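J.: Below you will find the structure I want to go over with you.
Coordinate-derived values only; no laboratory data. Here the structure is a predicted model, which is why all the values come from computation and not from measurement. For neighbour counting, all protein chains shown are included, and Cβ atoms are generated from backbone atoms with ideal geometry for every residue, glycine included.
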Amino acid sequence: MIPILIVTALNIFLWIIMLVRFRKLFNTEKIIEKTRRQLDQLETQLNANASRDIDLVNATIRNLRQMNSIAKENIDALDKKLGLVKENESRRDGVKVFSEKLWDYKAPSKPVAEPAIAVNPYATLNPYGNQVSKAAVPNVEHVESKNTDQKSMIRHMYNQGKSIADIAEELSCSEMEVQFTIDLG
C-alpha cells in the first residue's frame, strides 16, 4: 500500500508542477505583453519604412522638377534656334525672289573668249595664295539639291513607317538631323 501512496503522491506532485508551468506558459498577461512588444516593433519598422519611402518620393520629385526645368530651358533654346532658322530661311527666300526679279540673267549669245583666269587671275586662289582645285570648291547647286533630296528621302522613309534610328543609319546622318527634318516637314 505504501508503493501506491508513493506513486499517488508522485503523480499529484507532477500534476502540480505541470499546472504551475502551464499557468506560466499560458498566462494571458504575459501573452498580451508579448503581443504588445511585437506590435510596437512592427509599428517602429513600419514608421521607419514609411519615412524612408517619403524621403525617396521627395528626392524623386526634386529630380523630376530639375529635369523639367532643364527640359524647358532646352525647349526654349530650340524654339529660339528654330525661329532663327525660319528667319534665315525667309531671308534667303526673299533674296531669291529679289535676285530673280532684278537680275534676270540671260546667257550671252556669244561664247566668252577669255578664260576666267585672264579676267581675274586670283579667281582660283584661296586666301593664302595657293591654287585651288575645282574639286575642292563645292558646287552650291549640288549641295542644295543633295540636301533637298535627303530631306525628301527622310520624309518618304518616315511616312513608310521606318524609325528615326533606322533612317539615320541608312542615310548616314544623325538622329537629331532626321528628327529636325521631320519636325519641320
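J.: For the cross-link pairs LYS72/LYS151; LYS81/LYS151; LYS80/LYS162, which exceed 24 Å when the distance is taken from alpha carbon to alpha carbon?
T.: Distance filter (> 24 Å) returns LYS72/LYS151; LYS80/LYS162.
J.: With a Förster radius of 30 Å, plug the Cβ-Cβ distance of ASP166 and LYS81 into 1/(1 + (r/R0)^6) and report the FRET value to the nearest 0.05.
T.: Once rounded, the FRET efficiency stands at 0.70.
J.: Distance in nm between label sites at LEU184 and ARG52, each 7 Å beyond Cα in the beta-carbon direction?
T.: The modelled label-to-label distance comes out at 5.2 nm.
J.: For LEU82, what charge total do you get from the other residues with a beta carbon under 13 Å from its beta carbon, if Lys and Arg give +1 and Asp and Glu give -1?
T.: The answer is -2.
J.: Given a Förster radius of 25 Å and the C-beta distance between HIS156 and GLU89 as r, what FRET efficiency does 1/(1 + (r/R0)^6) yield to the nearest 0.05?
T.: The pair HIS156/GLU89 has a calculated efficiency of 0.70.
J.: May I pose another question? How much length is gained on full extension from PHE22 to THR44, taking 0.36 nm per residue of separation minus their Cα-Cα distance?
T.: Extra length from PHE22 to THR44 when fully extended: 4.7 nm.
J.: Grab the Cα-Cα distance for LYS34 and GLN66, subtract it from 0.36 nm times how many residues apart they are, and report the gain in nm with one decimal.
T.: Computed gain between LYS34 and GLN66 is 6.7 nm.
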